[in-house]
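Beneath this line is the structure, given in C-alpha cells, with notes to follow.
The values are calculated or read from the model by the stated rules, or taken from the named source; none is laboratory data. Please read these numbers as outputs of a predicted model, since none were measured by experiment. Cβ placement follows ideal geometry from the backbone for every residue including glycine, while neighbour counts extend to all protein chains displayed. Calculation scope for accessible area: heavy atoms of the full protein, side chains included, ligands and nucleic acids excluded. Shrake-Rupley method; radii C 1.70, N 1.55, O 1.52, S 1.80 Å.
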Amino acid sequence: MTAIDPLGARLNAIVRRHLAARRAAEGVGLALQRLEQQKIDTARRRVTPARRQVACRHLPESIAAILPLDDSLAALIAEVEDDLAWQQNVNYSDAAMNHPGYMDNYAYAELVGPAGLWPGDDFLMGLLVLGPHLHYLDHSHPAPELYWLLTGPSDWRAGSADFASREQGEMIWHPPHKVHATRTGTVPLLALYIWTSDVEQPARLVT
C-alpha cells in the first residue's frame, strides 16, 4: 500500500479543487492533468536546503491576504515557507530590470520541481512573490505557464496588449514563448505558478 504524505495530499487537494473549478479556462485543464500526474500526495517528500531572500519579508502580509480566498492554503504556505529554497533568476538584476532595489523585492520558490519539496517530471509548481510598485519587464520562456493570483489586484500584459488589472483568485495562461509582463501596485503579489513542460530553460527578458 502506497503511503500518503499528509502535506502533499493537502497541497494537491487545495490546488486541484481550485483548478477543477476553472477547468474550462485556457490552459487550466492541462495544468490540472500535469499536476495529477506528479502524484505529490504519495511522492516522498524531500528535505531541501532552505534559503530565504530579502523579498520574503512580504510573505506575512501576503499570506494574511490569502485568508479570504482559501484559509487552508494560507495555513499551508505559512507552514512550509521557511522550508523552501527561495531563489532568483540568474538573468535578472536591478540593472536589467531598470529598477534599483528590484532584487530585494523579487523571489520564487519551487514546491514541486528540482529544488522543491516534491520531485517533478518535467513540471514545476511554486510561489512567486513581488513587492509593491514593481514592473516585471517583458519576458518569455519555452514552458507553458499558468498563474493563479493569490493576492491582488495586479496588472498583467501579454504580447502587444495593454496592461489589464487582474484580481485575487484569477488564473492567467501564457503559451510557450508568449511575451508577458506584470506590474504590482500598493500591495505585494503572491502567486502560484505551474510550468507544465519544457521547464529547464529559465525566463529571459525581451528587449
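Structure data summary
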item: Cβ pairs under 7 Å, 6+ apart, first in the range 9-38 and within 16 Å of TYR193 (Cβ to Cβ), second among the polar types (S, T, N, Q); result: ILE14/SER72; LEU30/THR196; ALA31/THR196; ARG34/THR196
item: Residues of the range 96-114 satisfying the condition of being part of a strand (DSSP E or B), open to solvent by less than 20 Å² (accessible area, probe 1.4 Å) and either in contact with a His (Cβ under 8 Å, 6 or more places away or on another chain) or aromatic (Phe, Trp, Tyr) (or both); result: TYR106
item: Matching residues, the range 189-207, being small (Gly, Ala, Ser) and touching an Asp or Glu at 6+ places or on another chain (Cβ under 6 Å); result: SER197
item: Matching entry among SER62, SER93 (being farther than 17 Å from LEU117 by Cα and touching a Ser or Thr at 6+ places or on another chain (Cβ under 6 Å)); result: SER62
item: One residue from MET125, MET103, MET97 being of a type outside the set (Phe, Trp, Tyr) and touching a helix residue (DSSP H, G or I) at 6+ places or on another chain (Cβ under 6 Å); result: MET103
item: Flag if ALA64 is open to solvent by less than 90 Å² (accessible area, probe 1.4 Å), in contact (Cβ under 8 Å) with a residue 24 or more places away in the chain and not in a loop (DSSP other than H, G, I, E, B); result: no
item: Residue that is least open to solvent (accessible area, probe 1.4 Å) [pool: residues in the range 148-207 that are β-branched (Val, Ile, Thr) and farther than 29 Å from LEU76 by Cα]; result: VAL179
item: Residue in the range 73-95 that is open to solvent by 80 Å² or more (accessible area, probe 1.4 Å), small (Gly, Ala, Ser), without any contact (Cβ under 8 Å) to a residue 60 or more places away in the chain and not in a loop (DSSP other than H, G, I, E, B) present; result: yes
item: From the options LEU130, LEU137, LEU124, residue that is closer than 24 Å to SER93 by Cα, open to solvent by 10 Å² or more (accessible area, probe 1.4 Å) and under 14 Å from the mean Cα position of the chain (by Cα); result: LEU124
item: Meets criteria (closer than 16 Å to LEU84 by Cβ and at pLDDT 95 or above) for PRO60; result: yes
item: Selection count where residues are assigned to a helix (DSSP H, G or I), of a type in the set (A, V, I, L, M) and open to solvent by 20 Å² or more (accessible area, probe 1.4 Å), scope the range 1-37; result: 5
item: Strands (runs of 3 or more DSSP E) lying entirely in the range 121-183 (those with 2 or more residues that are hydrophobic (A, V, I, L, M, F, W, C)); result: 124-130, 145-149, 154-158, 171-174
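A quick yes/no check of all residues on (1) modelled with pLDDT of 95 or more; (2) touching a Ser or Thr at 6+ places or on another chain (Cβ under 7 Å):
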position: TRP156; (1), (2): yes, yes
position: GLY159; (1), (2): no, no
position: ALA164; (1), (2): yes, no
position: GLU170; (1), (2): yes, no
position: TRP173; (1), (2): yes, no
